[in-house]
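What follows is a single structure, written as structure tokens, with notes after it.
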Protein chains: 2
Amino acid sequence: MWWEWLGVGWVMAELEVPAKRARNDGLDGDVVDEEELVPASDVTNAASLISHENDGVAPAPSTARANLSSIMPGWFSEVSPMWPGEAHSLKVEKFLFEGKSDFQDVVVFESATYGRVLVLDGVIQLTQRDECAYQEMITHLPLCSIANPKKVLVIGGGDGGVLREVSRHISIEQIDICEIDKMVVDVAKEFFPDVSIGFDDPRVNLHIGDGVAFLRDVPEGTYDAIIVDSSDPVGPAQALFERPFYQAVARALRPGGVVCTQAESLWLHMPTIKEIVTVCRHTFKGSVNYAWTSMPTYPSGCIGFMLCSTEGPPVDFRHPINPISQQQQLAGEQEKPSSRLPLKYYNSTVHTAAFSLPQFAMDNLESMLTPPLS
Amino acid sequence: MWWEWLGVGWVMAELEVPAKRARNDGLDGDVVDEEELVPASDVTNAASLISHENDGVAPAPSTARANLSSIMPGWFSEVSPMWPGEAHSLKVEKFLFEGKSDFQDVVVFESATYGRVLVLDGVIQLTQRDECAYQEMITHLPLCSIANPKKVLVIGGGDGGVLREVSRHISIEQIDICEIDKMVVDVAKEFFPDVSIGFDDPRVNLHIGDGVAFLRDVPEGTYDAIIVDSSDPVGPAQALFERPFYQAVARALRPGGVVCTQAESLWLHMPTIKEIVTVCRHTFKGSVNYAWTSMPTYPSGCIGFMLCSTEGPPVDFRHPINPISQQQQLAGEQEKPSSRLPLKYYNSTVHTAAFSLPQFAMDNLESMLTPPLS
């Protein structure tokens, strides 16, 4: 657990937060009622008092929230042992939700300049301003690389953003999603309608449960594509970075089927990435590739993806054969819900470029990727 | 001036810092003597006292440094109106230099995980860990796009990193650099030897002065390439983002000559970028392109470049005709100083990929770029 606010290790223990009445239905956490929201101006006022500490004035804060604001007035900071020595901070306008599920802490806040923000166990998962880059890339990199995908499985992705992108592809008949944490789904539906719109597609079947267990029960060769939209390999997502999981994924894919997984940052996690690539090279007998995208609110400003295919018809991930522009047009004709939202980040040029690796990454990974990069 | 530390607007006024004896020669600022360096452990100790503020304990800090650490114990945070509502922070091990030149505040610190860091007017300019991406891309994107460059001008770039990269190109006979702030050069030579190594090349001629004035005196058509390695368009670099400057650059280039300028972040500064592109489209009658690179310690995790050519032999920036691998090999044979340092970020694949723009950027810029992107 690394719920920390810069400056001190302020642990977000639910015991410290007075219980509040949930505004909505299925949410176990504390939905912050409108009248309890702490506008930034108040936070600033509380902090400005406390900033007189060097005059010997140390006012006693009346609530846990005021205590927080005395340390980092009005800002959320992402501190983690996974990116030691650095932290990205966003200015908070309002906290909208604070809860603790069976798996993790769940927080939603309205930021000053990145829209609403979803935080799990202290780590930013999405902001309204830049979620397009992650959701579009993790989805269309695999789905535009194979012709005519019909059955897709999403593991994780409980916010619905990947579903929103998958649903642009009209060839798809069945979209299964297995998310371990129902609170993430409920929070997304409540606070991120532009993201959770993905659940509105009638082709979507939501399963709440463990992804590894779900895969065990899937008949061999079921899916054309599996997208693993996980958080970092600490906490509930840890198993999604281990060998048995990749083996289960390979088993659930048809020959020449594809998987795309969240695969950390080239700048920060090269040892982890090398381990993942090694496992994938053992597991997937088709191609094994690494791609990445710019992503401002993720550590180091970028995030990578493993893209692999099973033995069977070869897949050339670097050159999309199922371009999204064609899909969009078709979807527009059929008026699927997400067809009304234009793509913000992905296009076919960005697709191919995503596989270009900085030299330091080439030096580390090139010999393990297949087909070879050059 | 936006010298702020997260939490309060702590202005870095030189008056508040006790004068210290400079350890070295030409530096006007305060080189922090070894015995005066504040190790992180001390900072933490001071801060941990102050963190008892809510118990009513508010110890009086004995120095300005302790005052600082009471707000953000041991961290540097980059807060600026140019990226409102967000801030990137690095954990500080030691402050190595704090000075104020005629143009800006200059700070060097040793960070916990990014090596040494150069900060100008509160904004991170380079860290040892990721400077490779910026320096290699801003240099090789233009120089690998033309055959046989001989005369190159660098404007800004006083840390020497661009010079280090330029010097890999053995066709080059003359490398002029015009940096406005001598303190930047001196600090780089003192604290960043792997970067300022670029000054060791005998082809380099250093001019301390204003870039706009320097260009005025340059005979028309002098340079094959001009690289503008500026800070943001606030403070001393402001003139480097304005029309007269671009016109002076175009005049100083030979027909079919190229310029590469630092051009902000696609995610954060689209209006500024559109203005720059518009000015360039008026000024450069060859091609006008935008490229970008990942850059973890710059806001939004990426930074862009304008790449333009003057009327004359056409330049296709997207497909390098003067690959660096060939240059490196030649340089190795001739044993130029920088030839012993391998490239860390740039390669020909990354070069081409850098011109791939996210859809939101295509929507904003595509019609103004030439030749057209698709």
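Values in this text are rule-based calculations from the coordinates and carry no lab data. Keep in mind that what you see is a predicted model, and the values were worked out from it rather than measured. Cβ sites come from the backbone with ideal geometry, for glycine too, and all protein chains shown count toward neighbours.
Before moving on, here are some points about what is shown:
- Cβ nearest the rotation axis (B onto A), residue from chain B and distance to the nearest whole Å: B:GLY301, 1
- Rotationally averaged projected area of region A:161-289 (alpha carbon convex hull; nm²): 8.4
- Proportion of all alpha-carbon pairs of region A:106-184 beyond 19 Å (%): 42
- Plainly put, the tip 7 Å out from Cα toward Cβ on A:GLY312 is 5.6 nm from that tip on each other copy, the closest given first.
- Taking a sphere under 11 Å around the Cβ of B:VAL218 and counting the other residues whose Cβ falls inside, with K and R at +1 and D and E at -1, yields a net charge of 0.
- Environment charge of A:THR127, counting only residues whose C-beta is closer than 15 Å and scoring Lys/Arg +1, Asp/Glu -1: -4
- A simple rule links phi to the HN-Hα coupling: the Karplus curve 6.51 cos²θ - 1.76 cosθ + 1.60 with θ = phi - 60°, which for region B:96-105 gives 9, 7, 9, x, 9, 8, 5, 10, 6, 7 Hz, with x for Gly and Pro.
- Here the 3J(HN,Hα) profile of region B:224-239, calculated from phi with Karplus coefficients 6.51, -1.76 and 1.60 at θ = phi - 60°, is 7, 8, 10, 10, 9, 9, 9, 7, 6, x, 9, x, x, 8, 3, 5 Hz, Gly and Pro shown as x.
- Only Lys, Arg, Asp and Glu carry charge here, each on its Cβ (+1 for the first two, -1 for the last two); on that basis region B:71-185 has a dipole of about 300 debye about its Cα centre.
- Using every pair of separate Cα atoms, the Kirkwood estimate puts the hydrodynamic radius of region B:265-309 at 11.0 angstrom.
- Exam field: B:HIS207 pseudo-label spacings to other copies (7 Å along Cα-Cβ), nanometres: 6.9
- Evaluated at q = 0.12, 0.13, 0.15, 0.17 Å⁻¹: base-10 log I(q)/I(0), Debye formula over Cα of region B:67-136: -0.32, -0.38, -0.51, -0.66
- Amide H within-cut-off set for A:VAL154, under 5 Å, with H built and near neighbours excluded: A:ASP176, A:ILE177, A:CYS178, A:ILE227
- Per-residue HN-Hα couplings for region A:307-317 [Karplus 6.51, -1.76, 1.60; θ = phi - 60°; Hz; x = Gly/Pro]: 10, 10, 10, 7, 4, x, x, x, 10, 9, 4
- Cross-link check: pairs A:LYS151/A:LYS189; A:LYS151/A:LYS344; A:LYS189/A:LYS274 evaluated at a Cα-Cα cut-off of 32 Å; pairs beyond the cut-off: A:LYS189/A:LYS274.
- For A:ALA239 and B:ASP217, a Förster radius of 45 Å and the Cβ-Cβ distance give a FRET efficiency of 0.10, rounded to the nearest 0.05.
- Centroid-to-centroid, using Cα positions, region A:283-316 and region A:110-178 are 15 Å apart.
- 7 Å along Cα→Cβ, label-point gaps from B:GLN238 to other copies, nm, shortest first: 5.4
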